[in-house]
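What follows is a short report on a single structure.
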């Protein structure tokens, strides 16, 4: 028996906003009958506000609960607000879902994204994604595209193939795409890392900031001080002042304290040189 | 609570529990010990072996090995045969076996065995021609379940053993009878069976005890090596209270076979007829005949099984589903897929399995409540047009 939250149980027992809107402004679809779950969502949108939402779901308890709560989450919200909703928001609103059932919340997100896409001027939520990936199917058993996997990794911080399967179903049947899923995980984190890389100016500012706020106050306690002289790649040139400059332990201070503090803060292999 | 999931496990019969209690309390001796105190325990073991011999109509009590469960019985039989004669590398089984057997064969395939998986038709009946064609002198083992756990469909064991013996007399025949025990008569001699496994908790004994029949002409390498227990075929101090319980359950099962074939079957048929008559998007996933008397597997089109189970559970009704969602796996039942159950119904397939404890009142209650549940779930399905067409057609 799944460990469903009270809220999940309440929503599959008494689903809200069930049905079809015949004159809907946007209709979104995710999943399929053969895959075992499917969600159709219908939206009325007026002046950029979702004024009504209804759903029809073929699926398990958590699929119905995810669909039902999603309609409650979006009615009365602006399209801009609705765009920001992720699968994690749906799962959180339900008080959590069992890990193996997270794909139900992803189905809600996918149907919503599909509806907004059909509505008009919608653009992909994630600029990191490449357009050609939108249609590229990774898991042929469950028709899961690379985009869906990418979003699930990003929104939920997924790290393993098993987690991706729980969230998107990809890899859950024949398992042939597990290697591809691992590649996508690797690519995502490499990209994330490279985008976190600082520009040269940002790096200089950061180093100077660390010296001023973390290193200098400590040296001042002992009657000394320090300032940044120059940065060349991984070599950071500093000048010690006051008591520090004449201290016989100056090299030790540089290596053990200054260099270590900067290494940790920058997550880089740097060398500090006293000039 | 209405328990219609007896193919998953069963309630322990009070009489079984009573038969076990002395061996938990006063008679705790090790049956192998050499003093008078151990006599009752060793006698219990001996008697139990006699009951199981009768239960399966084995020739000799020495052909009965007590195990801890159905999976251990199957593993001991299959690995036991293959390891005893390592020259043969071919195995034949079916696409609809229980996962405990199927997963073992998939492991054996990785170890270099060639395994043929025989298919079934839409009624769930085995393709005997395909089976016959697959048998060669290199076939070490044919492994077939007696009754299917999900559908209750019975395979023609006697016919299969005749086919095997006519094509390759040295090939061993293992029958997984876990779902047949207590429901239909089991006769290993009449049916030409070499090895047969059963599990106690499927017929009102507790979980944690099973048995394996190995006929005297079939030699196996033991799975669990250690002491001399079970004539060296299964080491480990005998689980006397559970074995006593298994024997009592087997005794009661033998007495109850007629009740299964008449009363349990009558109630199953009543439930089945009521559902098929009153719920327009229901279909029987098997043929009508050739099934154990307690099981029915019904598909509900355009609705999903877990949701049916959850709504039934709210009313205290227990059953199980072939849907992907209930198992934590993402694919629906391999049995229903092998039978080509339409994709519109496969995810909404429910197994009801009765027992001798099922009452008419319970069946009436489920018959009354199920249409309301299905209607409620059908109302939220995205397939309203298809459902309307189905309704009009019915």
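The values are calculated or read from the model by the stated rules, or taken from the named source; none is laboratory data. Model, not experiment: these values are computed from the prediction. FYI the Cβ positions are ideal-geometry reconstructions off the backbone, even for glycines, and counts take in every protein chain you see.
A few remarks follow.
- Meets criteria (in a helix (DSSP H, G or I), away from chain A (no Cβ under 14 Å) and surrounded by 15 or more Cβ atoms within 10 Å (Cβ to Cβ)) for residue B:265: yes
- Filtered residues of the stretch A:7-66 (kept if in a strand (DSSP E or B), within 12 Å of chain B (Cβ to nearest Cβ) and surrounded by fewer than 19 Cβ atoms within 10 Å (Cβ to Cβ)): A:18, A:27, A:29, A:32
- Test: residue in the stretch B:101-113 that is without any contact (Cβ under 8 Å) to a residue 12 or more places away in the chain and within 16 Å of the chain's Cα centre (by Cα): yes
- Condition broken by residue B:303, with the remaining ones in (1) more than 9 Å from chain A (Cβ to nearest Cβ); (2) over 30 Å from residue B:252 (Cβ atoms); (3) in contact (Cβ under 8 Å) with a residue 12 or more places away in the chain; (4) in contact with a helix residue (DSSP H, G or I) (Cβ under 8 Å, 6 or more places away or on another chain) satisfied: (1)
- Answer residue from the stretch B:341-357, given it is more than 19 Å from residue B:308 (Cβ to Cβ) and in contact with a helix residue (DSSP H, G or I) (Cβ under 9 Å, 6 or more places away or on another chain) and is farthest from the other protein chains (Cβ to nearest Cβ) among those: B:356
- Note on the stretch B:306-323: residues that are touching a strand residue (DSSP E or B) at 6+ places or on another chain (Cβ under 7 Å) and more than 8 Å from chain A (Cβ to nearest Cβ) amount to 9.
- Within the stretch B:65-79, tally of residues that are surrounded by fewer than 24 Cβ atoms within 10 Å (Cβ to Cβ) and closer than 10 Å to residue B:195 by Cα: 0
- Answer residue from the stretch B:358-375, given it is surrounded by fewer than 16 Cβ atoms within 10 Å (Cβ to Cβ) and assigned to a helix (DSSP H, G or I) and is farthest from the other protein chains (Cβ to nearest Cβ) among those: B:360
- Scanning the stretch B:326-337 for residues that are buried (at least 21 other Cβ atoms within 10 Å of the Cβ) and either at pLDDT 95 or above or more than 10 Å from chain A (Cβ to nearest Cβ) (or both) returns B:333, B:335, B:336.
- Test: residue in the stretch B:38-52 that is in contact with a helix residue (DSSP H, G or I) (Cβ under 6 Å, 6 or more places away or on another chain), surrounded by fewer than 19 Cβ atoms within 10 Å (Cβ to Cβ) and closer than 21 Å to residue B:222 by Cα: no
- The criterion of at least 2 residues that are within 38 Å of the chain's Cα centre (by Cα) and surrounded by fewer than 17 Cβ atoms within 10 Å (Cβ to Cβ) is met, among strands (runs of 3 or more DSSP E) falling completely within the stretch A:212-275, by A:224-232, A:235-241.
- Of all residues making up the stretch B:281-298, the number that are within 13 Å of chain A (Cβ to nearest Cβ) and part of a strand (DSSP E or B): 0
Rundown of residues vs (1) assigned to a helix (DSSP H, G or I); (2) in contact with a helix residue (DSSP H, G or I) (Cβ under 9 Å, 6 or more places away or on another chain); (3) not assigned by TED's automatic domain parsing to the domain that holds residue A:63, yes/no style:
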| position | (1), (2), (3) |
| --- | --- |
| A:166 | yes, yes, yes |
| A:171 | no, yes, yes |
| A:186 | yes, no, yes |
| A:192 | yes, yes, yes |
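- Residues considered: B:155, B:173. Of these, the only one that is modelled with pLDDT of 95 or more and farther than 30 Å from residue B:356 by Cα is B:173.
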